[in-house]
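The values are calculated or read from the model by the stated rules, or taken from the named source; none is laboratory data. Keep in mind it's a predicted model, so treat the numbers as computed, not measured. Here the Cβ positions follow ideal geometry from the backbone for every residue, glycine too, while neighbour counts run over all protein chains shown. Note: areas computed on protein heavy atoms with side chains; ligands, DNA, RNA excluded. Shrake-Rupley method; radii C 1.70, N 1.55, O 1.52, S 1.80 Å.
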Amino acid sequence: MKKTILLVLLSVAALAGCDSFGNEWSDAENWYTSTKDFDEGYGDVFYLVSTNILKEEGSILALNTPEEKEILAREMKHLENKVFRDSLNFFAPYYHQHTIEALSLSAAEYDELASGIVDEVYEAFRYYMKHYNGGRPVVLAGFSQGAMLAKELLKRMTPEEYSHVAVAYILGWGLSAEDIECDAVRPARGADDPGVAVSINSVAAPASVWDVVMNDPVCSINPINWKTDATPASFEYAGQSLSVSLDTTSMALVVSGFEEPAPGFTPAWPAGCLHFYEIQFYNASLGRNALQRVNSLRRFSPQS
């Protein structure tokens, strides 16, 4: 039944003369409306939102209704104003994300669905590069489903497109040995190496790793001290003094001292998985680091 739903949606898009799931990227309605003043000269964020649409049983794909876009825009607005708030222009497409229900698909069905979504996201990115980017460095970022898409988007990029990437923040998703075989998926090794991928996944203990988002990861980095070893780093969150260190076996970030409030929903991940907090924990550090890596790309790029 779910496979039938997907095929019908794809067929409708094809009959309408639209690519992928039917978005026309020349239509401003398919892009988040930024609240910032536009800066023509410095750098951009291209952000891919996480899974925010919850559907009834059997529905596997968001349809981007006005109501759904309003829900997606809340996360986009947070990233724009709480993380990437300094100097960087903010672009985010309303792609047709899969719903939580899609996680119950078979592996083959899920891969087919995800491949179509990646196609759509790449179309959005190509349109952005041609019509909006203007040669500026790009901070590619995504959280959860958006992180998976950002990782796959890196793999699709042409060398010219990739040359503009200052950093790719893969927030709440792991990088496998197969992923990093791609030349454009280079794991970050420090705070200012440009053109790299920053993959982070936070837990209270290594046993709390969520296999859906961490499938045999081989690399990560501490987003507070930007080290790839187990050196701990302190940070503040919601009035709590916390510590985070990289477990170099599981490649998870182990956060100590956190008193997690009771969730307002039933999470899909194991107890102790701090997936919901990936962005909230590291807001300030990620924002500062984005500017640092944009500056690094500008120093080392012949286009700057």
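Using 0.36 nm per residue and subtracting the Cα-Cα separation, the extra length available between D111 and R156 on full extension is 14.6 nm. Loop-resident trypsin sites (Lys or Arg not before Pro) (DSSP state other than H, G, I, E or B) in segment 152-224 with no more than 14 further Cβ atoms inside 10 Å of their Cβ: R189. Under the simplified labelling scheme, the R85-K130 pair shows an inter-label distance of 3.6 nm, with each label point 7 Å from Cα along Cα→Cβ. The length gained on full extension between S26 and D216, counted as 0.36 nm times the residue separation minus their Cα-Cα distance, comes to 64.6 nm. Given a 1.4 Å probe and the protein chains as shown, F38 ends up with an accessible area of around 120 Å².
Maximal additional length on extending the F38-K69 stretch stands at 8.9 nm, based on 0.36 nm per residue less the C-alpha distance. Would the chain count as rounded, prolate or oblate if I go by the C-alpha gyration tensor, calling it rounded below 1.5 in a/c and otherwise prolate when a/b exceeds b/c, oblate otherwise? Verdict is oblate for the chain.
Relative to the Cα centre, the charge distribution of segment 161-304, modelled as +1 at Lys and Arg Cβ and -1 at Asp and Glu Cβ, gives a dipole magnitude of about 560 debye. About its Cα centre, the dipole of the chain is roughly 740 debye, where the only charges are +1 on Lys and Arg Cβ and -1 on Asp and Glu Cβ. Are there chymotrypsin sites (Phe, Trp or Tyr not before Pro) in segment 216-298 that DSSP puts in a loop and that have at most 10 other Cβ atoms within 10 Å, and which ones? Sites meeting the loop and neighbour criteria: F265. The order of V196, V218 by accessible area, most exposed first and with a 1.4 Å probe, is V218, V196.
Rg over Rh for segment 123-240 works out to 0.99, using Cα positions for both radii and the Kirkwood form for Rh. Think of segment 90-192 as having a plus end and a minus end, set by charges on the Cβ of Lys, Arg, Asp and Glu; of V167, L154, Y95, V167 sits farthest toward the positive end of this dipole. Using a/c under 1.5 as the rounded threshold, could you call segment 177-285 rounded, prolate or oblate? The axes a ≥ b ≥ c are square roots of the C-alpha gyration tensor eigenvalues, and prolate needs a/b larger than b/c, oblate otherwise. Oblate shape, in that a/c is at least 1.5 and b/c is the bigger or equal ratio.
Estimated from helices alone, the mean residue ellipticity of the chain at 222 nm is -9500 deg cm²/dmol (sum of -39500 (n - 2.57) over DSSP H runs with n ≥ 4, per residue). The value obtained for segment 21-80, namely the Cα convex hull volume divided by the number of residues, is 106 Å³ per residue. For the residue pairs K69/K227; K130/K227; K77/K155; K77/K151, alpha carbon separations beyond 30 Å are given by K69/K227; K130/K227. Would you work out if segment 51-120 is rounded, prolate or oblate? Take a ≥ b ≥ c from the square roots of the eigenvalues of the alpha-carbon gyration tensor; rounded if a/c is under 1.5, else prolate when a/b is larger than b/c, oblate otherwise. Since a/c reaches 1.5 and a/b is larger than b/c, the shape of segment 51-120 is classed as prolate. Between the exposed loop cleavage positions of the chain, defined as GluC sites (Glu not before Pro) in a non-H, G, I, E, B DSSP state with at most 14 neighbouring beta-carbon atoms within 10 angstrom, the longest gap is 58-177. Using Cα pairs closer than 8 Å and at least 6 residues apart in sequence, work out the relative contact order for the chain, in percent. Once normalised by length, the contact order is 16 percent.
For the chain, the solvent-accessible area works out to 45 Å² per residue, with a probe of 1.4 Å and every protein chain left in place.
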